[in-house]
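Working notes, structure below.
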Number of protein chains: 2
Amino acid sequence: METQQTRVLVQLRDLILKGHFAPGERLAEIPIAEQLDASRTPVRLALTTLEQEGLVEASSSGGYVMRRFTAQEIDDAIAVRGHLEGMAARLVAEHGVTRQLGNDLDDCLKQGDRIFAGPSMSLDDYAAYIEMNNRFHELIVGAAGNAALTRAIELNNRLPFAAASAMLPMQPSHDEGRNWMWMAHQQHHALADALRRGEGARAQALAEEHTQIARSNVRYALENPELAMKLLPGMRLVAGA
Amino acid sequence: METQQTRVLVQLRDLILKGHFAPGERLAEIPIAEQLDASRTPVRLALTTLEQEGLVEASSSGGYVMRRFTAQEIDDAIAVRGHLEGMAARLVAEHGVTRQLGNDLDDCLKQGDRIFAGPSMSLDDYAAYIEMNNRFHELIVGAAGNAALTRAIELNNRLPFAAASAMLPMQPSHDEGRNWMWMAHQQHHALADALRRGEGARAQALAEEHTQIARSNVRYALENPELAMKLLPGMRLVAGA
DNA sequence: GGTCGCGTGATTGCATACAATATAGCAAAA
DNA sequence: TTTTGCTATATTGTATGCAATCACGCGACC
């Protein structure tokens, strides 16, 4: 059975990332407890956890306040992800690609090829790409076999819009969205090739450069705030959006 | 005034890192609450926080259990620190060293030079080196100006023996301890030089290579478990020590 | 009219009560 | 002797009560 603390934590995190609270807004325990149908205790637990994750911050006078994020912070977090995923890619290249990993990577690549085979993409295609993209990134991080690295990436991915697929919901409404995703997929191909050849430096550089697309997506979102707000409600947490 | 939660959190973390609990041991709330003179509520809060930090893990049947660490995990965590500090060093080199940062780095370097000026080191010298070492590393990370990077390094440093000075208490009892520390200090000099010259790649490589000394210290500790246990009680948490 | 002080209400931090669940111990049977 | 089932105990998860503190609003005074 699911405990109240985990349920409240998941639901509250979801509310936050969907922009249910405005930046700076006080997160009072009682209203949240009522809304999520629990007592204050699990809400308190969840709030301390979310503080660790960096989504809320403790107010000096007690209680918690919704954090405000800047475009710079998002860019920084993506840069950190790129650097860490670069390390993971290098480790995988150095250790060698197992048969299992090779097959799993191939599945991702072929699925992507199929998605881009047609002249246009359906919404299902976009959703499938997001799922595949997450899987591809997780495969490489997991295959690096470094627990601290996996943990560091996971913790960094909790920051808003830092994760690999965080900005992808924008793409269907972007003129060049399909092209950007196609380019990202070609980078996946190149990265898998580098991994298989044991080219550690190339793999690291590709993984790191790969995040430039995410960074340009953030820039695009900030330049089109009304569109971004609609597709990514969490954008409300970003100052200047 | 300090709240109970922060006091309990700090004290409980301290107990854990001093090896007060055996790996796998159940961390029952009531005994901990009595020992720290608080109720179960702040203890629960602290336990969830420590779970986030990776020091304790949730038991499937409820409650928390002391984690067991492996030498591999420590080595991995140090490697992650090296990679992240390497990124910080590169960023600082690329952005340029401000006058303030240059002065602060110089203070560290000169203090280290003074410590190593004499033929032998007192215990105070060792303590001063540890403080200076921490300051040096924090200066560079802070100067990188990337909040997500600072956070990732801090979170990683919460893992046992991952932080820059975590293994240093061993050195006074190590035959070559002074030499290792001297070598580390020369690397600090080289790193500061690379930063000032704007040599990003060199700075990154130096910062990453710098952690090899920490990794060899871990190996030395594991080869001398009885000594390590005495100087670093937290070694009790490491399997095979 | 603006600012300071005060009081009331709301909210947090903490402790504790209670119910559900897991654990441990013991007895009985195979 | 070992295993199984039952019971009693211990521990957790959750809710709630209480005191301290903080925010806010109102009135008085400058």
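Of the residues B:3, B:41, the single one that is loosely packed, with under 14 Cβ neighbours inside 10 Å and within 12 Å of DNA strand C (Cβ to nearest atom) is B:3.
If only residues of segment A:63-78 that are open to solvent by 30 Å² or more (accessible area, probe 1.4 Å) and out of contact with any strand residue (DSSP E or B) (no Cβ under 9 Å at 6 or more places or on another chain) are counted, the one that is farthest from DNA strand D (Cβ to nearest atom) is A:75.
Scanning segment A:109-118 for residues that are of a type in the set (A, V, I, L, M) and over 24 Å from residue A:170 (Cβ atoms) turns up nothing.
Any residue at all in segment A:45-60 that's of a type in the set (Gly, Ala, Ser), crowded, with 22+ Cβ neighbours inside 10 Å and away from DNA strand D (no atom under 16 Å from the Cβ)? No: segment A:45-60 contains no residue that is of a type in the set (Gly, Ala, Ser), crowded, with 22+ Cβ neighbours inside 10 Å and away from DNA strand D (no atom under 16 Å from the Cβ). Considering segment A:16-44, the residues that are aliphatic (A, V, I, L, M) and more than 18 Å from residue A:235 (Cα to Cα) include one that is nearest to DNA strand D (Cβ to nearest atom), namely A:38. Go through segment A:113-197 and tell me which helices (runs of 4 or more DSSP H), entirely inside it, have 2 or more residues that are within 14 Å of another protein chain (Cβ to nearest Cβ). In segment A:113-197, A:123-143, A:147-157 are the helices (runs of 4 or more DSSP H) which contain 2 or more residues that are within 14 Å of another protein chain (Cβ to nearest Cβ). Restricting segment A:9-48 to residues that are part of a helix (DSSP H, G or I) and of a type in the set (Lys, Arg), the residue that is nearest to the chain's Cα centre (by Cα) is A:13.
Residue count for segment A:60-81, restricted to those that are touching a Lys or Arg at 6+ places or on another chain (Cβ under 7 Å), farther than 19 Å from residue B:149 by Cα and outside any loop (DSSP other than H, G, I, E, B): 1. Answer yes or no as to whether residue B:28 is within 13 Å of DNA strand C (Cβ to nearest atom) and surrounded by fewer than 14 Cβ atoms within 10 Å (Cβ to Cβ). So residue B:28 passes the test.
Kindly evaluate residue B:109 against the criterion of being more than 18 Å from the chain's Cα centre (by Cα) and either within 16 Å of DNA strand C (Cβ to nearest atom) or part of a helix (DSSP H, G or I) (or both). Here the answer is yes, as residue B:109 does meet what is asked.
If you check B:84, B:91, which single one turns out to be open to solvent by 20 Å² or more (accessible area, probe 1.4 Å), within 14 Å of chain A (Cβ to nearest Cβ), part of a helix (DSSP H, G or I) and within 30 Å of residue A:70 (Cα to Cα)?
Being open to solvent by 20 Å² or more (accessible area, probe 1.4 Å), within 14 Å of chain A (Cβ to nearest Cβ), part of a helix (DSSP H, G or I) and within 30 Å of residue A:70 (Cα to Cα) holds for just one of B:84, B:91, which is B:91.
Looking at residue A:74, is it of a type in the set (A, V, I, L, M, F, W, C), more than 13 Å from DNA strand C (Cβ to nearest atom) and in contact with a Phe, Trp or Tyr (Cβ under 6 Å, 6 or more places away or on another chain)? Judged against the criteria, residue A:74 is a match.
Table: residues versus (1) within 20 Å of residue B:72 (Cα to Cα); (2) surrounded by fewer than 19 Cβ atoms within 10 Å (Cβ to Cβ); (3) within 14 Å of the chain's Cα centre (by Cα).
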site	(1), (2), (3)
B:133	no, no, yes
B:146	no, no, no
B:184	no, no, no
B:191	no, no, no
B:207	no, no, no
B:211	yes, no, yes
B:224	yes, yes, no
B:241	yes, no, no
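Out of curiosity, is residue B:13 under 23 Å from residue B:171 (Cα atoms) and at pLDDT 95 or above? For residue B:13, the condition - under 23 Å from residue B:171 (Cα atoms) and at pLDDT 95 or above - is not met.
Residue A:215 satisfies every condition listed in (1) open to solvent by 10 Å² or more (accessible area, probe 1.4 Å); (2) closer than 18 Å to residue A:69 by Cα; (3) at pLDDT below 95 except (3).
Go through segment A:7-24 and give me each residue that's surrounded by 14 or more Cβ atoms within 10 Å (Cβ to Cβ) and at negative phi. Across segment A:7-24, the qualifying residues are A:7, A:8, A:9, A:11, A:12, A:13, A:15, A:16, A:17, A:20, A:21, A:23. Kindly establish whether residue B:11 is over 28 Å from residue B:225 (Cβ atoms) and away from DNA strand D (no atom under 14 Å from the Cβ). For residue B:11, the condition - over 28 Å from residue B:225 (Cβ atoms) and away from DNA strand D (no atom under 14 Å from the Cβ) - is not met.
The values are calculated or read from the model by the stated rules, or taken from the named source; none is laboratory data. Owing to the predicted nature of the structure, the values given are computational and were not obtained by experimental measurement. Methodologically, a virtual Cβ is constructed for each residue, glycine included, from the backbone with ideal geometry; neighbour enumeration extends over all protein chains shown. With ligands, DNA and RNA removed, areas are computed over all heavy atoms of the protein, side chains included. Shrake-Rupley method; radii C 1.70, N 1.55, O 1.52, S 1.80 Å.
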